Amino acid sequence: MSPAYKWYAPTFTKGRPARHGVRRGPRRGLAGSAQCFSAGGAMGAGVAPDYRAVVRRLREVNGPTMLDGHSNPFEVLIATILSQRSRDETTERVFQALRARWPDARALSRARVADVDRVIHSIGFHRQKARGVVAAARAVMDRHGGVVPSTKEELMALPMVGPKTAGCVLVYAFGQATAIPVDTHVHRVSNRLGWVATRTPERTEEELERRVPRDLWLDLNSLFVDHGKHVCLPRRPRCGGCPVARWCERVGVA
Ligand code: SF4
(Lines give C-alpha, C1' and ligand atoms only; values in the text may rest on other atoms or scores of the structure.)
Protein backbone atom coordinates (compact mmCIF):
# COMPACT_ATOMS: atom_id res chain seq x y z
CA MET A 1 0.00 0.00 0.00
CA SER A 2 1.39 3.32 -0.98
CA PRO A 3 1.92 5.59 1.99
CA ALA A 4 0.32 8.32 -0.05
CA TYR A 5 -3.03 6.72 0.56
CA LYS A 6 -2.68 6.01 4.25
CA TRP A 7 -4.59 9.07 5.22
CA TYR A 8 -6.20 7.61 8.26
CA ALA A 9 -3.41 5.54 9.72
CA PRO A 10 -2.46 6.52 13.26
CA THR A 11 1.17 6.04 12.28
CA PHE A 12 0.85 8.45 9.40
CA THR A 13 3.86 10.70 9.23
CA LYS A 14 3.20 12.77 6.18
CA GLY A 15 1.81 16.16 6.86
CA ARG A 16 1.28 19.61 5.57
CA PRO A 17 4.40 21.34 6.81
CA ALA A 18 4.15 23.93 4.09
CA ARG A 19 0.69 24.83 5.27
CA HIS A 20 0.89 24.86 9.01
CA GLY A 21 4.24 23.45 10.00
CA VAL A 22 2.89 20.94 12.48
CA ARG A 23 5.76 19.60 14.49
CA ARG A 24 5.96 15.86 14.00
CA GLY A 25 7.14 15.18 17.49
CA PRO A 26 5.31 13.65 20.44
CA ARG A 27 1.57 13.89 20.01
CA ARG A 28 -1.17 15.17 22.17
CA GLY A 29 0.52 17.94 24.09
CA LEU A 30 -0.34 16.58 27.50
CA ALA A 31 3.14 16.55 28.91
CA GLY A 32 4.45 19.67 30.52
CA SER A 33 1.34 21.67 29.97
CA ALA A 34 -0.15 21.55 33.44
CA GLN A 35 1.25 25.00 34.06
CA CYS A 36 -1.02 26.23 31.32
CA PHE A 37 -4.11 25.19 33.19
CA SER A 38 -6.21 27.94 34.61
CA ALA A 39 -9.61 26.82 35.83
CA GLY A 40 -12.32 28.78 34.19
CA GLY A 41 -9.97 30.21 31.62
CA ALA A 42 -8.23 33.53 31.54
CA MET A 43 -10.62 35.36 29.28
CA GLY A 44 -12.73 37.92 30.97
CA ALA A 45 -16.05 39.19 29.74
CA GLY A 46 -15.69 41.21 26.60
CA VAL A 47 -12.16 39.99 25.89
CA ALA A 48 -11.82 38.60 22.37
CA PRO A 49 -10.55 35.04 22.15
CA ASP A 50 -6.89 34.74 21.35
CA TYR A 51 -7.32 32.76 18.16
CA ARG A 52 -3.69 33.02 17.16
CA ALA A 53 -2.34 31.83 20.49
CA VAL A 54 -4.54 28.73 20.46
CA VAL A 55 -3.67 27.85 16.87
CA ARG A 56 0.02 28.49 17.49
CA ARG A 57 0.04 26.23 20.55
CA LEU A 58 -1.88 23.43 18.85
CA ARG A 59 0.47 23.59 15.89
CA GLU A 60 3.30 22.92 18.30
CA VAL A 61 1.80 19.83 19.86
CA ASN A 62 -0.67 18.25 17.45
CA GLY A 63 -0.14 15.37 15.11
CA PRO A 64 -1.61 15.05 11.62
CA THR A 65 -5.18 13.95 11.11
CA MET A 66 -6.72 11.68 8.56
CA LEU A 67 -6.74 14.04 5.61
CA ASP A 68 -3.44 15.78 6.27
CA GLY A 69 -1.02 15.54 3.42
CA HIS A 70 -3.54 14.33 0.93
CA SER A 71 -4.21 16.35 -2.18
CA ASN A 72 -6.16 14.28 -4.71
CA PRO A 73 -9.55 16.03 -4.82
CA PHE A 74 -11.54 12.99 -5.90
CA GLU A 75 -10.05 10.85 -3.17
CA VAL A 76 -10.64 13.50 -0.53
CA LEU A 77 -14.22 13.75 -1.76
CA ILE A 78 -14.88 10.00 -1.64
CA ALA A 79 -13.09 9.39 1.65
CA THR A 80 -14.92 12.26 3.32
CA ILE A 81 -18.25 10.86 2.17
CA LEU A 82 -17.27 7.44 3.52
CA SER A 83 -16.12 8.96 6.81
CA GLN A 84 -19.51 10.39 7.69
CA ARG A 85 -20.44 8.97 11.10
CA SER A 86 -17.66 6.39 10.90
CA ARG A 87 -14.36 5.86 12.65
CA ASP A 88 -11.19 6.83 10.84
CA GLU A 89 -9.74 3.33 11.02
CA THR A 90 -12.82 1.83 9.36
CA THR A 91 -12.93 4.58 6.80
CA GLU A 92 -9.34 4.03 5.82
CA ARG A 93 -9.74 0.30 5.41
CA VAL A 94 -12.90 0.63 3.36
CA PHE A 95 -11.50 3.45 1.29
CA GLN A 96 -8.44 1.42 0.39
CA ALA A 97 -10.61 -1.48 -0.74
CA LEU A 98 -12.79 0.84 -2.80
CA ARG A 99 -9.83 2.58 -4.36
CA ALA A 100 -8.11 -0.68 -5.23
CA ARG A 101 -11.07 -1.70 -7.35
CA TRP A 102 -12.24 1.67 -8.68
CA PRO A 103 -9.22 3.98 -8.63
CA ASP A 104 -10.72 7.13 -10.13
CA ALA A 105 -13.91 8.99 -10.95
CA ARG A 106 -14.32 7.33 -14.33
CA ALA A 107 -14.02 3.83 -12.93
CA LEU A 108 -16.29 4.48 -9.97
CA SER A 109 -18.89 6.17 -12.14
CA ARG A 110 -19.23 2.93 -14.08
CA ALA A 111 -19.48 0.71 -11.03
CA ARG A 112 -22.63 -1.08 -10.01
CA VAL A 113 -23.96 0.18 -6.68
CA ALA A 114 -24.46 -3.40 -5.49
CA ASP A 115 -20.79 -4.19 -6.15
CA VAL A 116 -19.64 -1.09 -4.31
CA ASP A 117 -21.96 -1.96 -1.44
CA ARG A 118 -20.34 -5.38 -1.15
CA VAL A 119 -16.87 -3.86 -0.97
CA ILE A 120 -17.74 -1.27 1.67
CA HIS A 121 -20.26 -3.33 3.64
CA SER A 122 -18.24 -3.14 6.87
CA ILE A 123 -18.80 0.59 7.23
CA GLY A 124 -21.89 2.14 8.75
CA PHE A 125 -24.60 3.35 6.39
CA HIS A 126 -22.92 1.36 3.62
CA ARG A 127 -25.95 1.19 1.35
CA GLN A 128 -26.46 4.93 1.46
CA LYS A 129 -22.74 5.53 1.03
CA ALA A 130 -22.46 3.09 -1.88
CA ARG A 131 -25.23 4.92 -3.69
CA GLY A 132 -23.65 8.23 -2.71
CA VAL A 133 -20.10 7.63 -3.90
CA VAL A 134 -21.25 6.19 -7.23
CA ALA A 135 -23.65 9.09 -7.71
CA ALA A 136 -20.91 11.57 -6.79
CA ALA A 137 -18.52 9.95 -9.27
CA ARG A 138 -21.15 10.07 -12.01
CA ALA A 139 -21.89 13.72 -11.26
CA VAL A 140 -18.19 14.59 -11.39
CA MET A 141 -17.94 12.85 -14.76
CA ASP A 142 -21.17 14.16 -16.25
CA ARG A 143 -21.14 17.73 -14.95
CA HIS A 144 -17.44 18.45 -14.64
CA GLY A 145 -15.70 16.20 -17.15
CA GLY A 146 -14.09 14.11 -14.44
CA VAL A 147 -12.55 17.06 -12.61
CA VAL A 148 -13.74 17.73 -9.08
CA PRO A 149 -14.96 21.33 -8.90
CA SER A 150 -13.21 23.78 -6.64
CA THR A 151 -16.03 26.00 -5.44
CA LYS A 152 -18.24 25.36 -2.46
CA GLU A 153 -21.40 25.88 -4.47
CA GLU A 154 -20.45 23.34 -7.14
CA LEU A 155 -19.23 20.84 -4.57
CA MET A 156 -22.42 21.11 -2.52
CA ALA A 157 -24.45 20.43 -5.65
CA LEU A 158 -22.89 16.95 -5.80
CA PRO A 159 -24.72 14.01 -4.19
CA MET A 160 -23.87 13.34 -0.54
CA VAL A 161 -21.89 16.55 -0.24
CA GLY A 162 -22.76 18.98 2.53
CA PRO A 163 -20.82 21.91 3.96
CA LYS A 164 -18.31 19.76 5.86
CA THR A 165 -17.44 17.51 2.93
CA ALA A 166 -17.20 20.48 0.58
CA GLY A 167 -15.01 22.28 3.09
CA CYS A 168 -12.70 19.28 3.44
CA VAL A 169 -12.20 19.12 -0.32
CA LEU A 170 -11.50 22.85 -0.51
CA VAL A 171 -9.09 22.86 2.42
CA TYR A 172 -7.31 19.52 2.11
CA ALA A 173 -7.31 19.01 -1.65
CA PHE A 174 -7.21 22.54 -3.01
CA GLY A 175 -5.54 24.33 -0.11
CA GLN A 176 -8.19 27.03 -0.26
CA ALA A 177 -8.91 29.12 2.80
CA THR A 178 -12.50 29.48 1.69
CA ALA A 179 -14.15 27.28 4.31
CA ILE A 180 -13.74 25.90 7.80
CA PRO A 181 -15.00 22.30 7.78
CA VAL A 182 -16.86 21.68 11.03
CA ASP A 183 -17.43 18.18 12.33
CA THR A 184 -18.44 17.13 15.81
CA HIS A 185 -14.93 17.73 17.19
CA VAL A 186 -14.54 21.19 15.73
CA HIS A 187 -18.04 22.07 16.93
CA ARG A 188 -17.37 20.88 20.48
CA VAL A 189 -13.91 22.41 20.86
CA SER A 190 -15.00 25.76 19.42
CA ASN A 191 -17.88 25.99 21.89
CA ARG A 192 -15.85 24.93 24.92
CA LEU A 193 -13.14 27.43 24.10
CA GLY A 194 -15.80 30.12 24.03
CA TRP A 195 -15.10 31.05 20.42
CA VAL A 196 -18.74 30.45 19.50
CA ALA A 197 -21.97 29.72 21.31
CA THR A 198 -23.84 27.55 18.86
CA ARG A 199 -26.02 24.46 18.79
CA THR A 200 -25.22 23.04 15.37
CA PRO A 201 -22.07 22.49 13.30
CA GLU A 202 -23.62 24.59 10.55
CA ARG A 203 -23.95 27.59 12.84
CA THR A 204 -20.47 26.95 14.21
CA GLU A 205 -19.06 27.09 10.71
CA GLU A 206 -20.82 30.37 10.04
CA GLU A 207 -19.62 31.92 13.28
CA LEU A 208 -16.05 30.67 12.95
CA GLU A 209 -15.84 32.01 9.42
CA ARG A 210 -17.14 35.34 10.67
CA ARG A 211 -14.72 35.61 13.59
CA VAL A 212 -11.51 33.71 12.99
CA PRO A 213 -8.83 35.49 10.92
CA ARG A 214 -8.74 33.93 7.48
CA ASP A 215 -5.07 33.06 7.59
CA LEU A 216 -5.91 30.53 10.33
CA TRP A 217 -8.70 28.79 8.44
CA LEU A 218 -6.64 26.15 6.66
CA ASP A 219 -5.35 24.66 9.88
CA LEU A 220 -8.39 24.85 12.08
CA ASN A 221 -10.11 21.61 11.09
CA SER A 222 -6.97 19.53 11.38
CA LEU A 223 -5.94 21.06 14.70
CA PHE A 224 -9.34 20.88 16.38
CA VAL A 225 -10.10 17.37 15.12
CA ASP A 226 -6.85 16.10 16.58
CA HIS A 227 -7.37 18.05 19.80
CA GLY A 228 -10.95 16.82 20.11
CA LYS A 229 -9.97 13.21 19.59
CA HIS A 230 -7.15 13.12 22.06
CA VAL A 231 -7.49 15.89 24.66
CA CYS A 232 -10.82 17.70 24.53
CA LEU A 233 -12.78 14.47 24.61
CA PRO A 234 -16.57 14.50 24.39
CA ARG A 235 -17.25 13.15 27.89
CA ARG A 236 -14.17 13.70 29.99
CA PRO A 237 -11.99 16.41 28.52
CA ARG A 238 -8.43 16.26 29.80
CA CYS A 239 -8.37 19.87 30.93
CA GLY A 240 -5.66 19.25 33.51
CA GLY A 241 -3.12 18.59 30.78
CA CYS A 242 -4.59 20.64 28.00
CA PRO A 243 -2.07 22.73 26.08
CA VAL A 244 -4.59 25.49 25.40
CA ALA A 245 -6.26 25.59 28.81
CA ARG A 246 -5.02 29.08 29.56
CA TRP A 247 -7.06 30.41 26.65
CA CYS A 248 -10.15 28.28 27.27
CA GLU A 249 -13.41 29.32 28.88
CA ARG A 250 -14.37 25.67 29.41
CA VAL A 251 -17.96 26.39 28.50
CA GLY A 252 -20.20 23.52 29.60
CA VAL A 253 -17.35 21.60 31.21
CA ALA A 254 -18.03 20.57 34.80
FE1 SF4 B 1 -10.84 23.68 27.18
FE2 SF4 B 1 -11.15 21.30 26.05
FE3 SF4 B 1 -8.74 22.11 26.87
FE4 SF4 B 1 -10.62 21.49 28.66
S5 SF4 B 1 -9.64 20.07 27.19
S6 SF4 B 1 -9.27 23.27 28.73
S7 SF4 B 1 -12.48 22.22 27.63
S8 SF4 B 1 -9.96 22.99 25.21
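For the stretch 147-254, go through all pairs of different Cα atoms, get the mean of 1/r, take its inverse, and jot down that Kirkwood value in Å.
Values: mean 1/r = 0.0698 Å⁻¹.
Across the stretch 147-254, the inverse of the average 1/r is 14.3 Å.
Mind jotting down the three principal axis lengths of the stretch 69-142 based on Cα atoms? Whole angstrom, largest first.
Projected onto the principal axes, the Cα atoms of the stretch 69-142 cover 31, 31, 19 Å.
Carbon and sulfur: what percent of the stretch 54-199's accessible surface (1.4 Å probe)?
Details: 2840 of 5860 Å².
In the stretch 54-199, the share of accessible area belonging to carbon and sulfur is 48 percent.
Going by average Cβ neighbours within 10 Å, how do the peptides 175-186, 192-203 rank, with the highest at the top?
The most tightly packed comes first, giving 175-186, 192-203.
Any idea of the accessible area per residue across the stretch 146-235, 1.4 Å probe, to the nearest Å²?
Values: 3410 Å² over 90 residues.
Counting only protein heavy atoms, the per-residue value for the stretch 146-235 is 38 Å².
The values are calculated or read from the model by the stated rules, or taken from the named source; none is laboratory data. The structure displayed is predicted, hence computed values, not measured ones. For neighbour counting, all protein chains shown are included, and Cβ atoms are generated from backbone atoms with ideal geometry for every residue, glycine included. In case anyone asks, the SASA skips ligands and DNA or RNA and just uses the protein heavy atoms, side chains included. Shrake-Rupley method; radii C 1.70, N 1.55, O 1.52, S 1.80 Å.
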